[in-house]
Amino acid sequence: MATQKLYAGAKLREMRTKLGLTQKDFAAKLGVSLPYLNQMENNNRPVSTTVVLALAQEFGLDVTELSTGDSERLVSDMREALADPVFADTMPPLADLRPLRRTVMNADFHMLEVEAIAESPLLMHNRHDVPVTVWVGGDERPAFLDQARWLCEAWTHAKLHVAPGRHHFDVIEDLELPDSPLTNALLDEI
């Protein structure tokens with residue numbers, strides 16, 4: 001029987017926040033590097049045995065609290081499946097996960113309709129009290145540009161900004177510049 005990997009990024013982040021620790025301090029207490037902790041918190045890497053033991057010893061955590069919910073497992077499985085080269089030329093829209101239920105991938109995901117609806121940004125409750133700006137690179141694939149537009153249409157108060165010459169790997173680099181449009185938009189929302 002294959003060993004199941006433990007993805008518990010949200011729970012790690014929640015615990016760190018409750019403890020009032022920065023990622024740097026939390027990583028040091030767990031005996032891992034800052035980038036490794038970041039990858040675990042974002043479910044890009046499973047939680048290692050060393051980290052589980054450190055959580056139990058350092059913080060007295062009942063390790064059964066780390067068991068992942070279906071939504072975290074689903075997101076992790078989808079991220080892994082969508083990295084497959086078969087999606088190199090076409091990316092299924094992730095703003096609405098319902099169509100993925102009709103693909104062969106769902107044989108592995110076992111995604112229920114209720115999960116697809118709950119995890120689809122396009123279908124999330126329109127929060128009028130939360131400012132939202134969808135910032136997308138102008139050099140993105142058409143599917144990503146479409147998703148950005150769909151989100152702005154679904155979230156009626158959301159603003160869309162298409163950054164010329166940018167894509168998903170570098171679209172946030174302008175945050176390094178204090179007077180960039182992205183930095184100003186972010187600071188205007190605070």
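The values are calculated or read from the model by the stated rules, or taken from the named source; none is laboratory data. In this text, all values refer to a predicted model and were calculated from it rather than measured experimentally. Quick reminder, even Gly has a Cβ in these numbers, built from the backbone with ideal geometry, and neighbours come from all protein chains shown.
Remarks
- Filtered residue count, the stretch 4-50, keeping only those that are over 26 Å from D108 (Cβ atoms) and of a type in the set (V, I, T): 4
- Subset of the stretch 147-167 [among the aliphatic types (A, V, I, L, M) and either more than 13 Å from M124 (Cβ to Cβ) or touching a Lys or Arg at 6+ places or on another chain (Cβ under 9 Å) (or both)]: A148, L160, V162, A163
- Residue selection: R127 satisfies the criterion of being modelled with pLDDT under 65, part of a loop (DSSP other than H, G, I, E, B) and either buried (at least 16 other Cβ atoms within 10 Å of the Cβ) or out of contact with any Pro (no Cβ under 8 Å at 6 or more places or on another chain) (or both).
- Of all residues making up the stretch 89-103, the number that are loosely packed, with under 14 Cβ neighbours inside 10 Å, assigned to a loop (DSSP other than H, G, I, E, B) and modelled with pLDDT of 75 or more: 1
- Condition check for W135: surrounded by 12 or more Cβ atoms within 10 Å (Cβ to Cβ), modelled with pLDDT of 80 or more and in a helix (DSSP H, G or I): no
- Within the stretch 124-158, the set of residues being farther than 21 Å from L182 by Cβ and under 16 Å from the mean Cα position of the chain (by Cα) comprises just one member, M124.
- Residues satisfying the stated conditions in the stretch 42-58, i.e. out of contact with any Phe, Trp or Tyr (no Cβ under 6 Å at 6 or more places or on another chain) and closer than 17 Å to E14 by Cβ: N42, V47, V51, V52, A54, L55, A56, E58
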